[in-house]
Amino acid sequence: METQTGKPLVEMRGVFKAFGGVHAVEDVDVTLHAGEVVAVLGHNGAGKSTLMKMLAGAYRRDAGSVHIDGKAAELASPAEAFELGIETIHQTLALADNLDATANLFLGREIAWRVGPFRIMDSARMRDVAAKVISQLNPRFTNLNTPCRDLSGGQRQTIAIARAIHFEAHVLIMDEPTAALGPHETAMVADLIRELKSKGIGIFLISHDIHDVFDLADRVVVMKNGQVVGTANTSDVSQDDVLGMIILGKCPEGAIPGPGARSNPQ
Amino acid sequence: MTTESLDPPAMNVAPRDSGFNVRTLSLVGLLFVIAVTFHLLSGGLFLTARNLYNIVVQTSVVAILACGMTIVIVTRNIDLSVGSVLGCVGMVIALLQIQIFPQEAAWNWPLTVVIGLALGALIGAWHGFWIAYLGVPSFVVTLGGLLIFRGAAFEVAQGKTLAPFDPIYRLFGGGIDGALGVGPSWMLFVVIMVLYGLGEILVHRRQTRLGFHSKARAKVLRFALVLVAAAAFVATMNSYLKPRSDIGRGVPIPALVLLSVVLFMEFVTRFTTFGRYIFAIGGNIDAARLNGIPTRRTVLVAFITMGVLCAIAAVVTTARLNAGTSSTGELLELSAIAAAVIGGASLSGGRGTIAGAVVGALIIQSLESGMVLIGASSSQRMVAIGLVLMAAVFADKYLSGEE
Ligand SMILES: Nc1ncnc2c1ncn2[C@@H]1O[C@H](COP(=O)(O)OP(=O)(O)O)[C@@H](O)[C@H]1O
Ligand SMILES: [Mg+2]
């Protein structure tokens with residue numbers, strides 16, 4: 001079924017995660033290849049963000065394996081994910097509202113000189129780099145020193161995207177990237193996804209809305225109640241088929257059923 | 001994608017680089033109002049070299065604690081134990097120096113200071129561990145600490161008062177000989193102003209080289225104001241004479257200790273990644289975690305810093321009293337918190353400045369001192385300071401809401 005050949009960039013196998021008694025993610029398999037856009041779809045609470053946070057190193061998985069470029073990865077911390085080239089635009093954007101764009105772009109990965117026990121930040125250099133990266137994305141975004149709480153939704157999104165670009169993601173996770181955006185900004189994000197894809201970056205595009213992502217995605221993975229309903233190439237299924245997967249958990253012809261597919265489809 | 005596209009590029013300068021912090025400046029204004037008011041009410045007793053010298057010495061302890069309290073509050077935590085930790089560390093130093101180590105040994109007092117600092121760090125680490133790694137709220141952990149270390153302060157010497165301290169140790173308290181003297185005070189002034197000026201020039205150069213607009217004129221003005229204020233400070237301290245002599249005292253040692261603490265803490269909060277991380281944690285701890293910031297270690301280090309500052313404040317306090325008592329430092333946690341909050345620290349985290357905390361401490365001590373001068377009782381002073389704290393937080397909320 002997978003049309004791509006060669007080693008996948010990301011291979012998650014049999015991944016589990018529970019919060020107390022809630023099985024947020026149950027026995028999930030997903031793969032992602034270089035230059036591929038895989039849409040992860042499902043209702044709110046389906047487990048999409050939890051799955052992606054395990055790949056981002058933010059949650060530790062209870063069971064299962066993850067291979068990045070064919071190598072087993074622990075993914076015990078966000079820092080480990082960053083080192084493997086996995087960048088995430090979180091659903092919440094993960095911005096500190098009291099800090100400005102520059103501080104947020106470099107948050108946790110400041111340019112700094114080590115002096116004894118201290119790491120002294122090169123603020124001027126960071127501001128310089130931030131200005132360049134951000135102006136590439138949005139030339140009109142110049143208020144780099146305004147605390148994020150005073151920025152628009154689009155500007156906040158820009159900072160989160162700028163992080164992924166500056167730190168040269170190989171694998172990019174975009175968790176509901178257009179949820180807070182207007183139509184014009186959504187189109188800009190779509191253009192960006194195409195551009196990054198053409199550079200060979202693998203992208204997980206998370207959404208609860210099929211219309212946002214169907215045209216951009218090479219494949220869809222549909223989740224329901226923490227399990228995969230099915231996986232399909234977007235060329236092999238219709239949007240209605242995918243809607244059926246999301247709403248009813250019904251796996252259509254042309255899709256590979258997962259553990260969460262309804263056992264007796266009618 | 002933006003409505004702020006008309007912002008001129010000249011706006012692209014961090015507020016802290018553009019000259020003045022409005023909040024801190026208005027607090028300085030408030031300080032002047034307090035000083036002049038009490039000067040008039042007390043019939044000219046407030047703005048005297050003697051009173052100002054004493055305020056500086058008293059402020060030092062509260063300000064040292066308030067610096068640590070500020071970074072703790074910035075991480076969205078609180079430390080209610082600082083008065084007790086100060087008392088406990090002070091008693092341990094007193095016991096070692098006066099009863100355990102040989103009195104005449106030259107290494108006696110330096111070793112007790114080192115042990116005191118280490119003990120402060122250890123107590124801070126103990127609190128930090130419970131808070132950052134065991135997830136117990138800081139309010140509860142340090143409320144426990146308030147009781148534990150006040151009790152421990154009593155147990156150290158069964159509530160006895162220990163005295164006297166080593167004469168050299170007592171210099172830390174800013175007593176009769178505990179000041180720099182006239183000449184060295186002016187020398188210190190020159191050295192600091194030269195270093196400050198050079199630092200500003202270096203930063204300005206680097207910003208300009210990278211193509212950023214750096215407000216040279218505002219910086220020169222700021223430098224000039226600091227220069228005048230520092231000169232006035234040194235001149236005042238120099239004009240307070242030792243008893244029955246015409247020898248000026250100069251900058252008190254506690255103020256030097258505070259100055260070192262402030263310079264170090266300003267450096268840490270502004271220029272190091274640790275400083276960046278405490279603000280990020282207070283602003284949004286989830287975002288901090290998702291970006292790979294070691295949030296637990298950072299909070300642990302913040303509490304260790306607070307513990308060390310408690311120990312430094314313990315040295316100054318015991319040296320000034322020339323005695324170790326188990327009640328030393330009672331209620332100081334409240335002054336420290338009030339100073340930090342008046343200085344602009346937000347209890348909801350992510351906001352606060354070292355300079356603000358120092359000015360906040362000055363305001364509290366000036367009020368205390370001013371009310372003593374006009375004959376207010378200690379109960380009346382408590383009422384007044386409580387009201388001022390509430391008014392300050394209200395004004396702060398109101399002003400920042402309007403911005
Ligand atoms: N940190 C957490 N603690 C407890 N439960 C959580 C946590 N994160 C997610 N969950 C639960 O896990 C399930 C999946 O959530 P999530 O992955 O956010 O879904 P989605 O992103 O698909 O909307 C939900 O039932 C949610 O309540
Ligand atoms: Mg989600």
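The values are calculated or read from the model by the stated rules, or taken from the named source; none is laboratory data. Bear in mind the structure is a predicted one, so any value in this text is a computation, not a measurement. Note that we place each Cβ from the backbone using ideal geometry, even for glycine, and neighbour counts take in every protein chain shown. The area values use the complete protein model at the heavy-atom level, side chains included, leaving out ligands, DNA and RNA. Shrake-Rupley method; radii C 1.70, N 1.55, O 1.52, S 1.80 Å.
Between chain B and chain A, roughly 3400 Å² of accessible surface gets buried, counting both sides and using a 1.4 Å probe. Ordered from longest to shortest, the equivalent ellipsoid semi-axes for segment B:48-109 are 28, 21, 9 Å, each the square root of 5 times a Cα gyration tensor eigenvalue. P(r) tail, segment B:179-251: Cα-Cα pairs separated by more than 22 Å, 39% of all pairs. Solvent-accessible surface, computed for protein heavy atoms with a probe of 1.4 Å, shrinks by 30 Å² or more for the following residues of segment B:192-223 when the other protein chains are added to the isolated chain: B:206, B:210, B:212. Local charge for residue B:239 was computed over the other residues whose Cβ lies under 13 Å away, with Lys and Arg +1 and Asp and Glu -1, and equals +2. Count Lys and Arg as plus one, Asp and Glu as minus one, and take only other residues whose Cβ is under 11 Å from that of residue A:207; the net charge is then -3.
Note: relative contact order over segment B:131-261, using C-alpha pairs below 8 Å and six or more positions apart, is 31 percent. Which aspartates and glutamates, if any, have their Cα less than 18 Å from the Cα of residue B:215, not counting same-chain residues under 8 positions apart? Leaving aside aspartates and glutamates fewer than 8 places away in the same chain, those within reach of residue B:215 are A:128, B:7, B:17, B:200. Distance from the alpha carbon centroid of segment A:199-224 to that of segment B:158-189 works out to 70 angstrom. Over the protein assembly as shown, with a single point scatterer placed on each C-alpha, what log10 of the ratio I(q)/I(0) does the Debye formula yield at q = 0.08, 0.11 1/Å? Taking Cα atoms of the protein assembly as shown as identical point scatterers yields -0.71, -1.10. Relative contact order for segment B:179-251: 48 percent, from Cα pairs under 8 Å spaced at least 6 residues apart, divided by residue count.
Residues B:272, A:186, A:92 ordered from highest to lowest accessible area at a 1.4 Å probe: A:92, A:186, B:272.
Listed by chain and number, the aspartates and glutamates whose C-alpha is less than 17 Å from the C-alpha of residue A:53, apart from same-chain residues fewer than 8 away, are A:11, A:26, A:27, A:29, A:62, A:74, A:80, A:83, A:87, A:175, A:176, B:286.
For residue B:123, the solvent-accessible surface with a 1.4 Å probe is about 10 Å², rounded to the nearest 10. Ranking of A:170, A:90 by solvent-accessible surface, largest first: A:170, A:90 (1.4 Å probe, protein heavy atoms only, all chains present). In the structure shown, the pairs A:224/A:250; A:48/A:132; A:7/A:224; A:17/A:48 are assessed against 22 Å; a Cα-Cα span above that value is assigned to A:48/A:132; A:7/A:224. Ligands, DNA and RNA aside, residue B:88 has an accessible area near 10 Å² when probed at 1.4 Å.
Among the trypsin sites (Lys or Arg not before Pro) within segment A:166-235, those in coil by DSSP and having at most 15 neighbouring Cβ atoms inside 10 Å are A:199.
Across segment B:351-394, the convex hull enclosing all Cα atoms gives 59 Å³ per residue. Rolling a 1.4 angstrom probe over segment A:94-167 with all protein chains present gives an accessible area of which 55% lies on carbon and sulfur atoms. Rounded if a/c is under 1.5, else prolate if a/b beats b/c, else oblate: with a ≥ b ≥ c from the C-alpha gyration tensor eigenvalues square-rooted, which is segment A:25-171? Prolate, because a/c is 1.5 or more and a/b exceeds b/c. For segment A:1-85, trypsin sites (Lys or Arg not before Pro) are listed when DSSP marks them as loop and at most 15 other Cβ atoms sit within 10 Å of their Cβ; the list is A:60. Report, to the nearest 10°, how far helix A:153-166 tilts away from the longest principal axis of the Cα atoms in chain A, using its own Cα long axis and a range of 0 to 90°. Long axis of A:153-166 versus the principal axis of chain A: about 90 degrees. In whole percent, and with a 1.4 Å probe on the protein chains, what portion of the accessible area of segment B:179-251 is carbon and sulfur? It is 74 percent, rounded to a whole number. Each part reduced to its alpha carbon centroid, segment B:347-403 and segment B:45-93 end up 14 Å apart. Dividing the mean sequence gap of close Cα pairs (under 8 Å, 6+ apart) by how many residues segment B:217-376 holds gives a relative contact order of 15 percent.
Taking all protein chains into account, the per residue accessible area for segment A:111-266 stands at 44 Å² (1.4 Å probe). For residue A:126, the accessible surface of its heavy atoms amounts to roughly 0 Å² (probe 1.4 Å, protein chains only, rounded to the nearest 10).
For chain B, the Kirkwood estimate of the hydrodynamic radius, built from every pair of different alpha carbons, is 22.3 Å. Per-atom-type breakdown for segment A:43-91 gives carbon and sulfur 45% of the accessible area (1.4 Å probe, protein chains only).
Accessible surface ranking for B:26, A:198, 1.4 angstrom probe, highest first: A:198, B:26.
If one computes P(r) from the Cα atoms of chain A, what percent of pairs lie at distances over 36 Å? Tail fraction, whole percent: 15.
Summed over the residues of segment B:152-241 and divided among them, the accessible surface reaches 59 Å² per residue at a probe radius of 1.4 Å. The fraction of all Cα pairs in segment A:94-167 landing in successive 10 Å bins from 0 to the largest distance is 21, 54, 21, 4, given as whole percents. Rounded to the nearest 10 degrees, the inclination of helix A:183-198 to the longest alpha-carbon principal axis of chain A is 80 degrees.
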